[in-house]
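Bear in mind that the values in this text are calculations on the coordinates, not laboratory data. Just so it is clear, the model here is predicted, and its values are computed rather than measured. Note: ideal-geometry Cβ built from the backbone for every residue, glycine included; neighbour counts use all protein chains shown.
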Amino acid sequence: MSFSSDVKLELIEQKNEPCCQKAEAYGLLLFSRSFSANSIEFLSEQESLVQKYNDYVVMATGKPAEIKKTPAGNHKLIVRNKEQRLKLLSYFGHDANEVSLRINLANLSDECCSRAFIRGAFLSCGTITDPEKEYHLEFTIPYKNLTKDFVRLCEELGFSPKTTIRQNNHIVYFKDSTNIEDLLTAMGATNASLSLMGIKMYKSVINNTNRRVNFDKANIKRSTDSAMIYIDAIRTIEKAKGLNSLPSDLKELAMLRLENPDMSQKELAASLSVPISLSSVNRRLKKLVEIADSIRTSSVKNR
């Protein structure tokens, strides 16, 4: 089962306050497949959600709708009787002659009702991507003015939705993980919200660990590259003049570097017969490079 299906199952099980029951029903019906005098239909893969929709139809009209299973395995609800459709519209303050479907705010008496309404809308037309992959929650709405009303309602509750158009539908979506967490909590999906927080924390730990590993790898590469430069210089000197030609302090460091190619400069400094500072080691190594460069230059001139 998908993360989105899990969220919807959690929301279906929410117990409404009496004042919020109508608001959730309104969100579920208003954003369904169709909600007009000519057609009221709802389609879902979840039988429990279709049954919840039917319970609200009974609540508003006193009669159940028709439910059947489609060849694809989904569950479809149809209110076939026109008188029942008109009664359902009237229950939520709509009439048969509406040109543009809008949110009737009279059905949302309090902030808790607005949250219940959004929960109903999500159950009807919402989906959320598995946060393991990306942070994305959206509502697919076929009507422009209904979309505007819904965006305004979300903003009044402190959320920051974005909109786009996809295949002639208006998409209200959220990409910010914190916004999605808060929206899930507001709708009543606290387990899903906590799950998302946990996934986000895990990703943060992994990303920080990867950054540290990459940083360490880069440092190791720089140290290795630097060590190879000095080792190459020392071998050039050894081949051309021999290490005995070097002053005793440079000779000791050169031999130590050759014998311990993996040592850091700090470790080299501490391993000398008379320990010296890191900056002193660095100066001596650079001096060895200068001597090697001089040998190479002289060799080129004598060809």
Can you count the Lys pairs in region 205-297 whose Cα atoms are under 25 Å apart, with each pair 8 or more apart or on different chains?
16
How would you rank 112-118, 233-239, highest first, on the average number of other Cβ atoms within 10 Å across their residues?
112-118, 233-239
Cross-link reach list, lysines versus K162, counting only Cα pairs under 22 Å and skipping chain neighbours closer than eight places
K8, K133, K144, K148, K175, K200
Starting at the first residue of region 7-17, write each ³J(HN,Hα) from the Karplus equation 6.51 cos²θ - 1.76 cosθ + 1.60 with θ = phi - 60°, in whole Hz, x for Gly and Pro.
4, 5, 4, 5, 5, 4, 7, 5, 9, 8, 5
As straight-line cross-link partners of K87, the qualifying lysines (C-alpha separation under 18 Å, not fewer than 8 residues apart within one chain) are K22, K63
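Return the equivalent ellipsoid semi-axes of region 110-193 as a descending list in whole Å, where each equals the square root of 5 times an eigenvalue of the C-alpha gyration tensor. Don't jump to the answer; show the numbers that get you there.
Values: eigenvalues 67, 54, 24 Å².
Ellipsoid semi-axes (Å, largest first): 18, 16, 11.
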Residue order, fewest to most surrounding Cβ atoms within 10 angstrom, among Y135, Y202
Y202, Y135
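Given the convex hull of the Cα atoms of the chain, what is a quarter of its surface area in nm²? Please list the in-between numbers first.
Values: hull surface 108.7 nm².
So the mean shadow area of the Cα hull is 27.2 nm².
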At a threshold of 8 angstrom on Cα-Cα distance, excluding pairs fewer than six apart, so keeping six or more, what relative contact order does region 205-297 reach in percent?
34
At q = 0.13, 0.20, 0.21 Å⁻¹, what base-10 log of I(q)/I(0) does the Debye formula yield for region 54-174 when every alpha carbon is treated as an equal point scatterer in vacuo?
-0.66, -1.34, -1.38
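As a check on your grasp of the helix formula, calculate [θ] at 222 nm for the chain: sum -39500 (n - 2.57) over DSSP H runs of n ≥ 4, divide by the residue count, round to the nearest 500. Before the final figure, lay out the partial values.
Numbers: 11 runs with 181 residues, N = 303.
Roughly -20000 deg cm²/dmol at 222 nm, from the helical runs in the chain.
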All aspartates and glutamates inside 16 Å of K68 as judged from Cα atoms, apart from same-chain residues fewer than 8 positions distant
E41, E45, E47, D55
Taking the Cα centre of the chain as origin, sum charge times position over the Cβ atoms of Lys and Arg (+1) and Asp and Glu (-1), and report the length of that vector in debye to the nearest 20.
1380
Rounded to the angstrom and largest first, Cα extents along the principal axes for region 241-285 equal 27, 19, 17
In percent, how large is the relative contact order of region 1-66, given Cα pairs closer than 8 Å and 6 or more residues apart?
20
